[in-house]
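This report concerns only the one structure given below.
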Amino acid sequence: MILFTLSGLFGLLLASIPVGIVLILLSIGLDAFFSPFPLMRGLGQVVWSSSNSGTLIAIPFFVMLGEILVRSGVAARTYNAMNSWLSWLPGGLIHANIATSTLFSATSGSSVATAATVATVASPQGDRLGYDPRLFTGAIAAGGTLGILIPPSINLIVYGFLTETSIPRLFLAGLVPGILMAVLFMAVVVALCMWKPSLGGERPAFSWSQRLRSLPDLLPVLGLFATIVVTIYAGIATPTESAALGVVFALVIAALNRALTVSMLNEALRGTVKTTAMIMLVVIGAYVLNFALTALGISRQLQALLEGLGLGAFGTLMVIVLIYIVLGFFIETLSLMVATIPIVVPIIESFGYDKIWFGILMIVLIEMALITPPVGLNLYVVQAARGRGSMSEVVAGALPFVMVMLGMVGLLILIPGLALWLPDSL
């Protein structure tokens, strides 16, 4: 039964069938071949209970928030402001790529949207100022991955829903590792550009008066992030309610930028519906598979199998980390997450690991999948946005940042407090 589940899962995914459909088909197969009871007679109830949740309403709100910001011109203003403050560092404009990605990650909740936004704004300037195309584009692709770690994160909402874990605590747990990883990305850029100055291009000079004049361009994104975070942790609003407030805030920003038009709203709503429909199909499929796996006892069988190997808690964790790294080469991130949560999380819990800590560790591992070929979505998004050069340049430029992510995985394992200190303190 375990072999059927794993081979069926990856076989159907390799056949390029949409992941939500894969999960439901696999559940039907498990029911048909292994269950003494007609599990799928409860399919309607399972689908309804998995989608009838106020928590999940946060997903379309956060998606729409990002869509409005992308289409209202906030990205270009934020990027230019970050450039004025960070261009003095070795690597110059590359730091603006990472810093802008970090700020947008704290509002959009989507890695792909963050990478596409920054790549569209930054690529022309990088070419004009003579930056190495590999490091420049690799930094954009890597910076975009922070969108699923720094709150608000759609992936963390899905993880919290599927594992029945506190979403505010998950948001807090992702904040310190996310900011630390952004700092490490910038440190790597400084080190590489000091070692080989030709990697960095021309560093434009800005006076203090120019920098101070750029501060108002940072206020919309910072104010939006503060609105979301403060309302959640001050107990004023739930994550869903704060997401709705964020949408209202984004509409105000768009209106102040004179970008609030009928066509812009139409495009933002279309993008929101498409993205939300895809995410919800995957979530429902994961819930159906979880129902089948629990009813058939497959999670208990896998736990018994791993315990029988005698690897212990740490050895088992290392096996799971290795599995995520390998699968990340071939499976899209949200698909990888929801397909494995029903199998992996019960095993992790049985060995005494914290679900919130493991959620952050899993997010870092699937962040790597966003910038590792052949399926790394951010690589393709950045390449498409710049519209020139070869894909191999983006892949090569992302490699140093993959090493940083591996280092962050090691830090989280050695120092779990990186993820748990903030939620435990508050």
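Here are a few things to note about the model shown:
- Toward the positive end of the charge dipole of the chain, with +1 on the Cβ of Lys and Arg and -1 on the Cβ of Asp and Glu, the farthest Cα among LEU65, LEU251, GLY235 is that of LEU251.
- Net charge over other residues, Cβ less than 13 angstrom from the Cβ of ARG169 (K, R count +1; D, E count -1): -2
- Extension gain, LEU212-LEU256: 0.36 nm per intervening residue step, less the Cα-Cα distance, totals 13.8 nm.
- Packing-based ranking of 117-130, 227-240 yields 117-130, 227-240, ordered from highest to lowest mean Cβ neighbour count within 10 Å.
- Extension gain, VAL183 to ILE415: 0.36 nm times the residue separation minus the Cα-Cα distance gives 81.8 nm.
- Normalised by 2.2 N^0.38 Å, where N counts its residues, the alpha-carbon radius of gyration of region 176-275 equals 1.49.
- Each principal axis of the Cα cloud of the chain was taken in turn, and the coordinate range along them, longest first, works out to 73, 48, 44 Å.
- Positive contributions from Lys and Arg (+1) and negative ones from Asp and Glu (-1), summed over other residues with Cβ under 13 Å from the Cβ of ALA141, come out at 0.
- Here the gap between VAL273 and ALA295, fully extended at 0.36 nm per residue and compared with their Cα-Cα distance, gives a gain of 4.6 nm.
- Dividing the summed -39500 (n - 2.57) terms of all DSSP H runs of n ≥ 4 by the residue count of the chain sets its mean residue ellipticity at 222 nm at -26500 deg cm²/dmol.
- GNM remark for the chain: springs join alpha carbons under 10 Å apart, and the peak mean-square fluctuation among TRP88, TRP208, TRP357 falls on TRP208.
- Label zone at TRP195 (point 7 Å along Cα-to-Cβ), backbone N below 20 Å, region 128-146: 131-143
Each reported figure results from applying straightforward, stated rules to the coordinates on display, with no laboratory input. Every value quoted in this text rests on a predicted model; they were computed, and no experiment measured them. Reconstructed Cβ throughout: ideal geometry from the backbone, glycine too, with neighbour counts over all protein chains shown.
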